[in-house]
Ligand code: SF4
């Protein structure tokens, strides 16, 4: 029988394993369903993916990153070869992992602005993006041990997990790795207090950490300053969709470098993490109900006739207070996202 451990000596019961498998399967089916809608009913699919799932994701990474890592459908897809014993289980060096992490950060910064001209309007393009990432994830899972190459390597969401999940409260059992093969160092799932600066062995690590902590909050602000376009009709449209995020990233990077002279990196990391996720919801929640910077862009349902604008300001003020409290003010428990399984 597979030996799942939640802490040394405690074996995850077959019933718990079964429950995790059922939840993973259900979430995977929901993911496949969204993909189906994106291809065949793009209007609904776009709402389901970009206006429901993606807006929930940052908050989930803040309060339950371990839960997400256990049930993420892309992760489940990537780990299928390992679960079924098809994986060649190769190991990546620290340097290779750092290069994958760096590519993931660059992919995040390149792909997200393209939402304005491609993905926010095209269900098919979004589906192709997801399927392409799924294929890469499964190929990496075929060759490399557990989560090393995709979930903790090339996945473009992983840098965001490390930024937002830095003050985790509830370490869950690892519902994928039944034993730890030390496939990635430091393991994001099992290392207490993991954050974008936890790995510093290579320049790729350092640059990835800096881009996520210092540049990402401004990048998010800039993203919301560009409108959606109905497809690319000319390359001039690429200027605003990248220009605003780049300006924002440069401003917060400069601010970070100044503050770095007076404050500790740990404090600044938590401060900028809180600012990034708060900024996201500051713009995203009003946009969902029709009060966005560009009304109609990213709107889930028009509530402007029912909901006064001040109520959305109240909601985003509360979410801002919550995120600063959760990430920055609350005691830092330095807990890992998951409990490390016994070493193999
Ligand atoms: S728990 Fe161990 S085997 Fe699983 S991803 Fe982390 S280092 Fe790899």
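Numerical summary
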read-out: Protection-proxy order for peptides 321-331, 86-96, each taking the mean of Cβ atoms within 10 Å per residue, highest first; value: 321-331, 86-96
read-out: Computed FRET value (nearest 0.05) for residue 206 with residue 111, which takes r as the C-beta separation and R₀ as 25 Å; value: 0.65
read-out: Highest-first arrangement of 253-260, 131-138, where packing means the average Cβ count within 10 Å; value: 131-138, 253-260
read-out: Shape category assigned to segment 232-334 from the gyration tensor of Cα positions, a/c cut at 1.5; value: oblate
read-out: Sites residue 232 and residue 90, calculated FRET efficiency, Cβ-Cβ separation with R0 35 Å, nearest 0.05; value: 0.35
read-out: Length added when fully stretched, residue 143-residue 198, from 0.36 nm per residue minus Cα-Cα; value: 17.2 nm
read-out: Ranked list, fewest to most other Cβ atoms within 10 Å of each Cβ, for 146, 310; value: 310, 146
read-out: Using alpha-carbon coordinates, inclination of helix 309-323 to the longest axis of the chain, degrees; value: 30
read-out: Gained length - residue 257 relative to residue 225, 0.36 nm times residue gap less alpha-carbon distance; value: 9.1 nm
read-out: CD proxy at 222 nm, helix term only [per DSSP H run n ≥ 4: -39500 (n - 2.57); per residue of the chain; nearest 500]; value: -18000 deg cm²/dmol
read-out: Compactness relative to 2.2 N^0.38 Å, alpha carbon Rg of segment 131-288; value: 1.18
read-out: Residue 266-residue 313 pseudo-label distance in nm [points 7 Å out on the Cα-to-Cβ vector]; value: 3.8
read-out: Potential lengthening between residue 182 and residue 321 on full extension [0.36 nm per residue; Cα-Cα distance subtracted]; value: 46.3 nm
read-out: Alpha-carbon centroid distance for the pair segment 30-51 / segment 256-334, whole angstrom; value: 26
read-out: Rounded, prolate or oblate (a/c below 1.5 giving rounded, otherwise prolate when a/b exceeds b/c) for segment 85-141 by Cα gyration tensor; value: oblate
read-out: Theoretical FRET efficiency, 1/(1+(r/R0)^6), r = Cβ-Cβ of residue 80 and residue 302, R0 41 Å, to 0.05; value: 0.50
read-out: Using alpha-carbon coordinates, inclination of helix 94-111 to the longest axis of the chain, degrees; value: 20
read-out: Three-way shape call for the chain based on the alpha-carbon gyration tensor, with the a/c threshold at 1.5; value: prolate
read-out: Principal-axis tilt of helix 73-83 within the chain, Cα atoms, nearest 10 degrees; value: 20
read-out: 220, 232 arranged by Cβ crowding within 10 Å, fewest neighbours leading; value: 232, 220
read-out: Residue order, fewest to most surrounding Cβ atoms within 10 angstrom, among 180, 151, 187; value: 180, 187, 151
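No value in this document is a laboratory result; all are computed from the given coordinates. Not measured: the values here are computed from a predicted model. Every residue, glycine among them, receives a Cβ derived from its backbone with ideal geometry; neighbour counts consider all protein chains shown.
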